[in-house]
Every structure is written in structure tokens, then in C-alpha cells.
Amino acid sequence: GKGEYEHFMRKEIDAQPEALRGTLAGRVDGDDVDLDTLPDGTFEEIDHVHLVACGTSYHAALAASRQLVRAGLPATAYRASEYHDLQPVDESTLVVAVTQSGETADTLSALRRAHEADARTVAVTNVVGSTVSREADDTLYIRAGPEIGVAATKTFTSQVVALSLLTHRVASDSAAATVREDAAEFLAALEALPEAVEDLLATTEARSVSDAHIGRDAHFFIGRDFEYPVALEGALKFKEITYEHAEGFASGELKHGPLALVTPETTLYALLTGDRGEETLKNAEEAKARGVNVVAVAPEGMAVGGVADEVLRVPDTHPDVVGLLANVQLQLVSYYTAHGLGRSIDKPRNLAKSVTVE
Ligand code: M6R
């Protein structure tokens with residue numbers, strides 16, 4: 001049940017440290033990972049990767065594709081419903097189906113196409129015994145615990161972490177890839193994530209920041225690099241539960257069109273964490289000059305004074321991991337905005353937890 005919580009979504013946001021402990025348990029060993037269902041050598045023959053997923057799971061897949069590319073493997077995340085024009089797929093292709101429920105029709109259909117083309121397939125899912133887990137060659141469970149709210153929260157965070165471990169396994173196995181030099185630091189940051197989320201949850205000011213922006217005409221989210229999928233995810237969550245106009249953009253794209261939408265009635269959530277946060281700060285400044293209201297989601301110690309109207313701080317950690325903490329702030333922003341507007345948070349209109357038709 002919901003216990004002392006008013007909504008499952010809020011409970012599930014708070015459950016992220018525990019969900020992450022489940023995702024990580026027994027799987028990290030110094031600078032290596034141990035995935036029992038995917039032993040060393042599983043991916044020796046793989047030289048490129050496709051990830052297929054919908055909605056929030058697509059954003060997790062997009063984040064993972066960046067890690068794979070960094071490991072030297074060509075990797076592309078596809079929206080599962082757009083996967084019909086298969087790129088060349090054969091036994092050297094790994095197709096990763098990312099789906100919390102394991103029942104999403106578009107994702108299952110993409111997986112079936114991949115199988116027909118003889119790809120190697122892995123399911124990344126939360127639900128034991130789900131259709132995807134029965135159909136894929138192998139399954140990596142995210143072990144986040146059941147998620148009831150239609151808005152995916154803890155499962156997004158756990159999916160990104162599980163995919164990070166999978167990336168490490170693929171990079172270690174594949175002759176075409178190289179394991180990142182900072183593997184030990186990266187994996188240690190993943191292991192420290194549950195505590196970092198706890199710190200953030202104990203200190204967040206997301207409620208008062210959200211309240212200050214309720215009623216704006218539009219809510220935009222920008223980020224680059226790993227923070228780009230986080231911007232897309234922030235906007236999806238926001239529109240899903242607040243019913244307000246929200247869009248996520250790559251920071252660098254603002255001046256190629258979206259800036260025309262910006263007015264003093266717009267709020268811009270700028271993701272300033274990660275290696276390229278300073279560049280996004282410049283983009284936020286450009287929007288600020290056109291009158292936009294800026295909420296900075298920024299690391300401790302970053303000076304944002306001249307640009308940001310409000311700041312949501314994020315604890316310091318590895319630059320490729322910190323975006324997950326920024327995302328927790330955005331989950332809370334969506335929740336409190338929807339709450340302020342009196343929305344049906346756990347069951348938004350027109351949506352279902354699992355979409356079993358194409
Ligand atoms: O169960 P899945 O991960 O396959 O679901 C995919 C999407 O339907 C899902 O992530 C949807 O976008 C969420 N409601 C977003 O919060």
C-alpha cells in the first residue's frame with residue numbers, strides 16, 4: 001500500500017535508494033561487474049548494439065547508448081515503434097529491449113524483428129517472468145521492486161544503472177570495445193548512488209521551487225551529453241502528470257528554433273550537472289536574455305547567480321552518474337507541480353501503466 005504517502009509516485013521517488021540497492025546487490029566487484037545471467041564472454045561476438053524501448057525506457061536506452069559509444073561500440077537507441085526499418089542486423093548485433101513492465105507491445109514487436117534477423121537479444125526489465133523475459137535470449141532484471149504509479153520513477157533510475165552494468169559487461173567482452181579507463185571510479189559512483197539520492201531527498205527544495213512556477217504557459221527542459229536524455233525524461237514526466245505543456249531539448253538546439261517559443265511566461269529547467277554543464281549555463285543565459293524564468297539544476301558550488309531565478313542543488317559525484325540525481329530533482333518538480341494543480345497523479349488521464357497494443 002501507500003503507507004503514509006498520499007500517492008504511490010511520491011512513495012516510489014523516496015524508494016529509489018532501496019530500489020538502487022536491489023539493482024546493484026552483488027553485481028559490482030571493484031573495477032568489474034558480475035552479472036550472473038550474463039557470464040564473462042557472453043558478448044564476445046558483438047560489434048554493435050541497438051537499444052529498443054518506449055517512453056521513459058527509451059530515455060534510459062538513450063543514456064546507455066552514449067556509454068556504449070564511449071566504449072568504442074557503435075550503438076543506437078531506437079524508439080521501438082520506429083524500429084521497422086532495420087539497419088543491417090545479424091549475429092554480431094546485440095539488441096537490448098528495455099521495458100519496465102516487459103509487456104509493451106511496440107518493444108516486443110521490435111524484439112521479434114531482431115530475432116528474425118538473428119540478432120543476439122537481451123531484455124532489461126523489472127518484471128520477473130514477463131513476456132520480454134521469456135522471449136529474449138537473456139534477461140537482466142533491474143530488481144527495483146514493483147512500481148504502481150503510471151509515471152515511471154524508480155524504474156528509470158534502476159534501468160540506467162542496470163544498463164551501465166550491462167555496458168561494462170559488453171565492453172569487457174567485445175573485441176570491438178574498450179572498457180573505460182575510469183571504470184573503478186565510475187562503478188564506485190554507482191555504488192554510492194543510493195546514499196547520494198538519500199542526501200538529495202533529505203535536502204531538496206523542489207516543492208517551493210515548483211510552487212513558484214505553477215501556471216506558466218510552458219515548461220522547457222534542457223541538457224547536453226548525458227543530461228540530454230534527462231531533459232527529455234524531465235519533460236515527459238512533467239507533461240504526463242501535470243497536463244501542462246512541457247518539452248525537452250538538447251541545450252545547443254535552443255537557438256535553432258525553440259527560442260522563438262520563449263516568453264516571460266515560460267520556465268526553463270536547465271540541467272547544469274555533468275561535464276558540459278557550463279555550456280548549458282550559457283544557453284540558459286541566452287534564454288534568460290529573452291525573459292525566460294530559469295530554474296538551475298546545478299552541482300554544489302557552481303555559481304549560477306546571474307542566470308538562475310531558483311536553484312536545485314545536486315550532490316557531487318562522477319559526471320556520467322550525476323544526471324541521475326538531477327533527474328530525481330525533476331521527478332519531484334513534476335510531482336509537486338501536479339500536486340499543486342490537483343491532478344490525478346498515480347493514474348493520469350488517457351494513460352495506462354503498460355501499453356499492450358501497438
Ligand atoms: O513498461 P515499459 O518500460 O515498456 O513502458 C514504456 C512506456 O510506456 C513508459 O515508460 C511510459 O512512458 C511511462 N508512463 C513514463 O512515465
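The values are calculated or read from the model by the stated rules, or taken from the named source; none is laboratory data. The structure presented is a predicted model; accordingly, all values stated were derived computationally and were not measured. Positions of Cβ are generated from backbone atoms using ideal geometry, with glycine treated the same way; all protein chains shown enter the neighbour counts. With ligands, DNA and RNA removed, areas are computed over all heavy atoms of the protein, side chains included. Shrake-Rupley method; radii C 1.70, N 1.55, O 1.52, S 1.80 Å.
Proximity of backbone amide H atoms, modeled 1.01 Å from N, is registered between Y269 and F220, F221, I222, V295 at under 5 Å, excluding neighbours fewer than 5 places apart on the same chain. Scanning residues 5 or more positions from L140 or on other chains, those with amide H under 5 Å from its amide H are A123, V124, T125, with H placed 1.01 Å from N in the peptide plane.
Solvent-accessible surface of the stretch 38-103, averaged per residue with a 1.4 angstrom probe and all protein chains in place: 37 square angstrom. Between Y228, Y141, Y243, the Gaussian network model of the chain with springs among Cα atoms under 10 angstrom shows the greatest mean-square fluctuation at Y243. Taking the longest Cα principal axis of the chain as reference, the axis of helix 277-288 is set at about 40 degrees.
What part of the accessible area of the stretch 262-351, given as a whole %, is carbon or sulfur when the probe is 1.4 angstrom? Carbon and sulfur: 46 percent of the exposed surface of the stretch 262-351. Of the peptides 233-240, 307-314, 210-217, the order by per-residue mean of other Cβ atoms within 10 Å, starting with the highest, comes out as 233-240, 307-314, 210-217.
Would you work out if the stretch 57-177 is rounded, prolate or oblate? Take a ≥ b ≥ c from the square roots of the eigenvalues of the alpha-carbon gyration tensor; rounded if a/c is under 1.5, else prolate when a/b is larger than b/c, oblate otherwise. The shape class here is oblate. About its Cα centre, the chain has a charge dipole of approximately 1300 debye under the convention of +1 per Lys or Arg Cβ and -1 per Asp or Glu Cβ, with nothing else charged.
Per-residue ellipticity at 222 nm for the chain, helices alone: DSSP H runs ≥ 4 residues times -39500 (n - 2.57), over residue total, nearest 500 deg cm²/dmol? Only helices count here, giving -12500 deg cm²/dmol. Equivalent ellipsoid of the chain: semi-axes from √(5λ) of the C-alpha gyration tensor, largest first, are 32, 22, 20 Å.
Residue-wise HN-Hα couplings along the stretch 127-133, as the Karplus relation 6.51 cos²θ - 1.76 cosθ + 1.60 with θ = phi - 60° gives them from phi, are 10, 5, x, 5, 4, 4, 5 Hz; Gly and Pro carry x. Once the Kirkwood radius over Cα pairs is known for the stretch 149-210, the Stokes-Einstein relation at 4 °C and 1.567 mPa s delivers a diffusion coefficient of 93 µm²/s. Here's how it looks for A246: its modeled amide H is under 5 Å from those of H219, which are all 5 or more places away or on a different chain. For the listed peptides 255-266, 121-132, a ranking on the average number of other beta carbons within 10 Å per residue, highest first, reads 121-132, 255-266. In order along the stretch 58-65, the phi-based Karplus estimate (6.51 cos²θ - 1.76 cosθ + 1.60, θ = phi - 60°) of 3J(HN,Hα) comes to 5, 5, 5, 5, 5, 4, 5, 4 Hz; Gly and Pro are listed as x. Would you please name the GluC sites (Glu not before Pro) within the stretch 124-209 that are DSSP coil residues with at most 11 other C-beta atoms within 10 Å of their C-beta? Sparse-neighbourhood loop GluC sites (Glu not before Pro): E181. Expressed to the nearest 5 percent, the antiparallel share of DSSP beta bridges inside the stretch 1-108 is 15 percent. Each of the peptides 166-176, 347-357 was scored by the mean count of other Cβ atoms within 10 Å over its residues; in descending order, highest first, they stand as 166-176, 347-357. Rounded to the nearest whole Hz, the Karplus-based 3J(HN,Hα) values (6.51 cos²θ - 1.76 cosθ + 1.60, θ = phi - 60°) of the stretch 233-245 follow the sequence 5, x, 6, 4, 4, 4, 5, 4, 9, 9, 6, 9, 6, with x at glycine and proline. Of all beta bridges DSSP finds with both residues in the chain, what is the antiparallel percent, to the nearest 5? Here the share of antiparallel DSSP bridges comes out near 5 percent.
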